[in-house]
Amino acid sequence: MLPVTLVLGASANAARYANIAVRRLVEHQRPVIAVGKRSAMIGDVPVITAWPTSPVDTVTIYLSPLNLK
């Protein structure tokens with residue numbers, strides 16, 4: 001089973017780095033969970049607003065300093 005990457009700070013805005021990261025992970029056929037402030041879709045990947053209950057191997061954080069609190 002491939003490692004699952006969690007992208008924290010995911011956005012439907014294609015110009016955002018989190019969005020680019022999700023698309024590239026999907027491009028390389030990597031399992032990804034996208035978590036953001038608002039529900040959305042990045043391609044076929046849903047952006048969820050709650051912490052996932054499934055196991056995660058890697059977390060990538062794309063948050064501004066104001067949203068880290």
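The values are calculated or read from the model by the stated rules, or taken from the named source; none is laboratory data. Only a predicted model underlies this, so the values are computations on that prediction, with no experimental measurement involved. The accessibility values were calculated without ligands, DNA or RNA, using every heavy atom of the protein model including side chains. Shrake-Rupley method; radii C 1.70, N 1.55, O 1.52, S 1.80 Å.
Annotations for the structure displayed:
- Filtered by the rule that a residue be within 21 Å of Lys69 (Cα to Cα) and either modelled with pLDDT under 95 or charged (D, E, K, R) (or both), region 12-50 gives Arg16, Lys37, Arg38.
- Qualifying residue in region 57-65 (condition: open to solvent by 70 Å² or more (accessible area, probe 1.4 Å), modelled with pLDDT under 95 and in a helix (DSSP H, G or I)): yes
- Here Gly9 meets each of (1) open to solvent by less than 70 Å² (accessible area, probe 1.4 Å); (2) at negative phi with one exception, condition (2).
- Residue tally, condition over 11 Å from Val7 (Cα atoms) and under 12 Å from the mean Cα position of the chain (by Cα), over region 53-69: 0
- For region 12-30, the candidate set comprises residues that are of a type outside the set (A, V, I, L, M) and part of a helix (DSSP H, G or I); within that set, the residue that is most open to solvent (accessible area, probe 1.4 Å) is Tyr17.
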